[in-house]
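**Q** Dropping the structure in here first, questions after.
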Amino acid sequence: MDVDTGYIYAMGGGKDFDKSPYNRATQAKLQAGSAFKPFIYAAALKKGYNIDAVLPDEPRSYPSGSGTWTPRNYDGKYSGTVSMRDAVAYSKNAATVSLLENIGVGAVKALLVDLGIGADVPHNLSIAVGTSGLTLLDLVKGFSAFANGGFRVKPLFVLRIEDDRGQVLDSSEVQKQRAIPEDVAVKMNILLRGPTEYGTAKGASRLGYPV
């Protein structure tokens, strides 16, 4: 999707429409996993956090329906404290849950609404590790605001419809509106470069351009 216009240039909803017309890009709500974390960090930046803020990265237990829940980092190790930059770069679960506890789930849900994401997000801390069901299009819409300076843009699948004489029967207009402050988008770009520059996806730096 063009992040400035919302034009959808390519979409893969499945591998064979005749066998399965179900569009997995726009209809399938899957757990977003760590791809959800940037929304939490963006909400924190909106509330005044700085990208160099220090977060606790330690085992903490939270009440859950089956007793208690202790978020674990993927390698099972904790740093004690970690900067927000490194928490994103290394996808720290414990630090992200702690941050969410401080800013509140409501702040994240409000951000999603601002970004045009209508997903039904549960009101609990587990969303920090991506338990919410989102479509791929939801994620694309949300991340586009980080890429275009903070604007919510409406995805457009059809530019216009013409009859056989070339007369325009219907057309789509670009719809953009401010969703997050520009400085928050700039800071999110700094944070999101971390994984590919030195964190969990540093191999992507071999591509030779910013990712």
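**Q** Tally up the residues in the stretch 1-60 that are under 15 Å from Ala95 (Cβ atoms), over 20 Å from the mean Cα position of the chain (by Cα) and among the basic types (Lys, Arg), please.
**A** 1
**Q** Something else: State which residue pairs qualify: first residue under 16 Å from Ile127 (Cβ atoms) and of a type in the set (Gly, Ala, Ser) and inside the stretch 34-58, second residue modelled with pLDDT under 95 and open to solvent by less than 30 Å² (accessible area, probe 1.4 Å) in any location, beta carbons under 8 Å apart, and separation of 6 or more residues or different chains.
**A** Qualifying pairs under 8 Å: Ser34/Gly130; Ala35/Gly130.
**Q** So, one more: Taking only pairs six or more apart or across chains, which ones have beta-carbon atoms under 6 Å, a first residue in the stretch 175-202 that is of a type in the set (S, T, N, Q), and a second residue that is at pLDDT 95 or above and part of a strand (DSSP E or B)?
**A** Final answer for the pair search is Gln177/Arg152.
**Q** What tally of residues in the stretch 140-162 results from selecting those that are part of a loop (DSSP other than H, G, I, E, B) and aliphatic (A, V, I, L, M)?
**A** Of the residues in that region, 2 qualify.
**Q** Please go through the stretch 59-77 and give me each residue that is outside any strand (DSSP E or B) and under 26 Å from His123 (Cβ atoms), ordered by number.
**A** Once the filter is applied, which keeps residues that are outside any strand (DSSP E or B) and under 26 Å from His123 (Cβ atoms), the stretch 59-77 yields Pro59, Arg60, Ser61, Gly65, Ser66, Thr70, Pro71, Arg72, Asn73, Tyr74.
**Q** Residues of the stretch 47-78 being closer than 26 Å to Ala185 by Cα and either among the aliphatic types (A, V, I, L, M) or in contact with a Pro (Cβ under 7 Å, 6 or more places away or on another chain) (or both), which ones?
**A** Ile51, Ala53, Val54, Leu55
**Q** With respect to Val153, is the statement that it is open to solvent by less than 10 Å² (accessible area, probe 1.4 Å), more than 15 Å from the chain's Cα centre (by Cα) and not acidic (Asp, Glu) true?
**A** no
**Q** While we're on this one: Take the conditions part of a loop (DSSP other than H, G, I, E, B), open to solvent by 10 Å² or more (accessible area, probe 1.4 Å), hydroxyl-bearing (Ser, Thr, Tyr) and on the phi > 0 side of the Ramachandran plot and apply them to Ser20. Does it pass?
**A** The answer is no for Ser20.
**Q** Take the residues in the stretch 125-136 that are among the aliphatic types (A, V, I, L, M) and in a helix (DSSP H, G or I), then tell me which one is nearest to Trp69 (Cα to Cα).
**A** Checking each candidate, the answer is Leu125.
One line per residue, one yes/no per condition, for (1) assigned to a loop (DSSP other than H, G, I, E, B); (2) open to solvent by 10 Å² or more (accessible area, probe 1.4 Å):
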{"site": "Thr81", "(1), (2)": "no, yes"}
{"site": "Ala87", "(1), (2)": "no, no"}
{"site": "Gly118", "(1), (2)": "yes, yes"}
{"site": "Asp138", "(1), (2)": "no, yes"}
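**Q** Quickly run through the stretch 1-17 and pick out the residues that are charged (D, E, K, R) and open to solvent by 100 Å² or more (accessible area, probe 1.4 Å).
**A** Result: Lys15, single match.
**Q** Suppose the filter is over 27 Å from Asn102 (Cα atoms) and free of Cβ contacts under 8 Å to residues at least 40 places away in the same chain; does Tyr7 pass it?
**A** Judged against the criteria, Tyr7 is not a match.
**Q** Provide a single number: the residues in the stretch 170-188 that are under 19 Å from Phe146 (Cα atoms), open to solvent by 60 Å² or more (accessible area, probe 1.4 Å) and not aliphatic (A, V, I, L, M).
**A** 6
**Q** Just give me the residues in the stretch 163-204 being more than 30 Å from Gly48 (Cβ to Cβ) and in a loop (DSSP other than H, G, I, E, B), in sequence order.
**A** Within the stretch 163-204, Asp163, Asp164, Arg165, Gly166, Gln167, Ser172, Glu173, Val174 qualify.
**Q** Need pairs with beta-carbon distance below 6 Å; first residue closer than 12 Å to Tyr41 by Cβ and of a type in the set (Ser, Thr, Tyr) and within the stretch 78-94, second open to solvent by 30 Å² or more (accessible area, probe 1.4 Å) and assigned to a helix (DSSP H, G or I); sequence gap 6+ or separate chains.
**A** So the pair list comes out as Ser91/Ser34.
The values are calculated or read from the model by the stated rules, or taken from the named source; none is laboratory data. Quantities reported herein were computed from a predicted structural model and do not represent experimental measurements. Reconstructed Cβ throughout: ideal geometry from the backbone, glycine too, with neighbour counts over all protein chains shown. Keep in mind that these areas ignore ligands, DNA and RNA; they rest on the heavy atoms of the full protein, side chains included. Shrake-Rupley method; radii C 1.70, N 1.55, O 1.52, S 1.80 Å.
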